[in-house]
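*Asks:* Got a structure for you, questions after.
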Amino acid sequence: MDSTDGEPTVVVDDVSRRFEVPVSRPSGRGLRSKVARVVRGGSTVTVHALRSVSFVAHAGETIGIVGTNGSGKSTLLRMIAGLDAPSRGRVLARSQPMLLGVSAALQPELSGAENARLGLLALGFSPARVTGTLPRVFEIAGIGDAVYRPMSTYSSGMGARLRFAIAAAAEPDILLLDEVLSTGDAASAQRAEARMTEIRARAGTVFLVSHAAQTIEEMCTRALWIHEGTLIQDGEASATARAYRWWAWNVAKGEHDTAADLLRETTEARRGVAESASEAAAVITTMGRLTHA
Amino acid sequence: MGQRPTLSSYLRQLWRRRHFITAEARAKAFSGNRDMLLGNLWLIGVPILQGLAYYLIFGLILRTSRGIENFTGFLLVGIFLFRFTMASLQQGIVVMSQNRGMTSAFSFPRAAVPLSVLLRETLSMLPVLATLVLLLLTVPPGTQVTWTWALFPLVFGLQVLFNTGIIMYTARLGSALPDLRHVVAFVGRMWFYMSGVFFSLDRFVSEGVWLSVLQANPLYMVLDMSRDLLLYDTVPDTSSWLFLSLWAVITPLLGFWYFWQGEETYGQH
């Protein structure tokens, strides 16, 4: 299915994730539903965020993940990062992946520099290595003396740059980017691209979630299209991203029949999906050396 | 990924985060009152005001002080030390939700979060203990420094261990059931009255099952033993040491095990 056959870095095998979500009624019976949830587990609906997703990521790949809002992209990244556990299936990774999302506020009352230090220590760095790495964090972040101000005073772009700098300076093998590039200005997008190239050069893997299919087309070697929790296409970035863009364009223009036809056609074709699933199943039985974090 | 590591690998990972735990505790110690005029003076100001209130009501008006030698000292030790365990209880309930920023950004053994809060509370206790000593020496009737004071750090150490267990339990409970935030104040109040902070238990309960139950309360033991050592120049008997030590060993072990069991649930929203 793909030509870049580096060593497997991440294996996602038949992963599903269900959430039990409490239903809040408009009549404001919040307390009752909460009590119900605690006492008898009622008043909830099950949301299938991911359904039997399987694929293998290889060293040197940059994998884009496209899909509409709520299709399960971020959930998938959180699974790979180990921040959330799958309801079914397994995720294996060669080393601890580093997830970078837009939401993490770290510790607003502490300065950027303190946050960077604590973040690196939380990742398991020794104090000596932190001291050595901090200047590089500041350099990558490029926000000047603002690193000594409390993070609560940062703009969202500055916060994102600092978090990205911490992640990049930690030199992870596997970097997961969740809509990170969309918040920054042009300069930070360029910095981000440079770091991604570095990671790929080190034979690592980068995952990039975005609903801007053009970004995926430009920066990735491979792309996955996830629709309502199901992997419906897996293949070369330009092919997948273009298929997604064409569908999304039709949805946006109100061409619902065309869009539905496209979606049905894609779902039925399952381009690359079965191959990925069998590869994942094969890899998971043979790869004892992937760390089972 | 996302699966709970084995206990031994969890402990190993946690050990690698020891610098994180201390750095986090130090960065946040003494920062709780930053936006107040008197700042960290409130760390000691609040227990002093509390002591004053209880002294007025129970010492002067209701006279629970009758039969208690050095009631001011008795009250001061009770209030200052009780607050330490109470803080662990209250912090534990909210610790996982308050630190979601860190836990959703970085993956590390989650036990590092409550442990760093415990360390922070322990560090905050140091100026409080210094104030306690100062007050004991100066406020009449005054207390003499005796050699039994040297044993007090042991009791304090046992209290720290016991609090470690408390914070591990409440961290998981509070993360699973945020409603407990309201219950914990009630539990704390009950515990306060059952620990004999401002009265002597044996004045009201003289015998039977209740006395044994109340005296098995680890916090009562901490207060009772501390008073013996600091105020009454008495070495607590061996059984007190033994029972408190049991509490101080078993509670954190079970608490840690209980917290670890829930490891994969803390990242969920």
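*Asks:* Across region B:59-94, what is the number of residues that are at pLDDT 85 or above and acidic (Asp, Glu)?
*Replies:* 0
*Asks:* A further question follows. For region A:79-105: of the residues being touching a Leu at 6+ places or on another chain (Cβ under 7 Å) and in a helix (DSSP H, G or I), which is modelled with the lowest pLDDT?
*Replies:* A:Ala81
*Asks:* If you take the residues in region A:57-76 that are within 14 Å of chain B (Cβ to nearest Cβ) and buried (at least 23 other Cβ atoms within 10 Å of the Cβ), which one is farthest from A:Leu99 (Cα to Cα)?
*Replies:* In this case the residue turns out to be A:Ala57.
*Asks:* If B:Arg172 meets every condition in (1) within 27 Å of B:Ala112 (Cα to Cα); (2) out of contact with any Phe, Trp or Tyr (no Cβ under 8 Å at 6 or more places or on another chain) apart from one, which number is that one?
*Replies:* (2)
*Asks:* A further question follows. Determine, yes or no, whether A:Glu114 is within 10 Å of chain B (Cβ to nearest Cβ) and either within 26 Å of A:Ser210 (Cβ to Cβ) or acidic (Asp, Glu) (or both).
*Replies:* Considered against the rule, which asks whether it is within 10 Å of chain B (Cβ to nearest Cβ) and either within 26 Å of A:Ser210 (Cβ to Cβ) or acidic (Asp, Glu) (or both), A:Glu114 comes out as yes.
*Asks:* If I filter region B:204-222 for residues that are within 23 Å of B:Ile79 (Cβ to Cβ), touching a residue at least 12 places away in the same chain (Cβ under 8 Å), surrounded by fewer than 14 Cβ atoms within 10 Å (Cβ to Cβ) and not aliphatic (A, V, I, L, M), do I get at least one hit?
*Replies:* no
*Asks:* Still on this model: Going through B:Ala248, B:Ala185 one at a time, which residue ends up being within 30 Å of B:Glu263 (Cα to Cα), in a helix (DSSP H, G or I) and at pLDDT below 90?
*Replies:* Of the residues listed, the single one that is within 30 Å of B:Glu263 (Cα to Cα), in a helix (DSSP H, G or I) and at pLDDT below 90 is B:Ala185.
*Asks:* So, one more: In region A:215-228, which residue that is touching a Leu at 6+ places or on another chain (Cβ under 9 Å) and at pLDDT below 85 is surrounded by the most Cβ atoms within 10 Å (Cβ to Cβ)?
*Replies:* A:Ile216
*Asks:* With respect to A:Thr68, determine if the residue is under 24 Å from A:Ile284 (Cβ atoms), of a type in the set (S, T, N, Q) and at pLDDT 80 or above.
*Replies:* Spelling it out, it is not the case that A:Thr68 is under 24 Å from A:Ile284 (Cβ atoms), of a type in the set (S, T, N, Q) and at pLDDT 80 or above.
The values are calculated or read from the model by the stated rules, or taken from the named source; none is laboratory data. Every value quoted in this text rests on a predicted model; they were computed, and no experiment measured them. Backbone-built Cβ (ideal geometry, glycine too); neighbour counts: all protein chains shown.
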